[in-house]
Amino acid sequence: GVPTLLRVTPSLLKLHRKPDDAWTAINGKVYNITPYLDFHPGGVKELMRVAGRDGTKLFASTHAWVNVEMMLDECMIGFLVPEPSLS
Ligand code: HEM
């Protein structure tokens, strides 16, 4: 069916930082990286460094030539959005 995309705040992202439940945000898109962990050429440990947080900078500094948007398209679960403000 049509996938439902989530609006993910940084604090929600932070709850998903374990290998069996790992999310990251790259360029504003949020991915479930758990299914990809074992396929990452750079290894599980390196990829886990972006789990639970915005990995845009670290990703760009390691391999900006990799087309993450196409590669992880099937793993996309939503968009990173700002924390709601109370004011
Ligand atoms: C290699 C994807 C995150 C470290 C690679 C390669 C791909 C890939 C496709 C092979 C590139 C090539 O041979 O030209 C991804 C994706 C990521 C991600 C989709 C995020 C969702 C990271 C992070 C780190 C990292 C966060 C470390 C901070 C490495 C290293 C290699 C590598 C060290 C080189 C492995 C080797 O050739 O021996 N990654 N990566 N990656 N990645 Fe990642």
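The values are calculated or read from the model by the stated rules, or taken from the named source; none is laboratory data. Note that this is a predicted model, so its numbers are computed, not measured. As a convention, Cβ positions derive from the backbone with ideal geometry for all residues, glycine included, and neighbour counts pool all protein chains shown.
Within the stretch 10-29, the set of residues being surrounded by 15 or more Cβ atoms within 10 Å (Cβ to Cβ) and in contact (Cβ under 8 Å) with a residue 40 or more places away in the chain comprises LEU13, TRP23, ALA25, ILE26, LYS29.
How do the pairs read when you match residues in the stretch 42-53 that are closer than 12 Å to ASN32 by Cα and charged (D, E, K, R) with residues anywhere that are assigned to a loop (DSSP other than H, G, I, E, B) and more than 9 Å from the ligand (Cβ to nearest atom), using Cβ under 6 Å and keeping only pairs 6 or more apart or on different chains? If the second residue must be assigned to a loop (DSSP other than H, G, I, E, B) and more than 9 Å from the ligand (Cβ to nearest atom), no pairs are left. When the stretch 61-87 is limited to residues that are more than 10 Å from the ligand (Cβ to nearest atom), modelled with pLDDT of 95 or more and aliphatic (A, V, I, L, M), the one that is farthest from LEU13 (Cα to Cα) turns out to be MET76.
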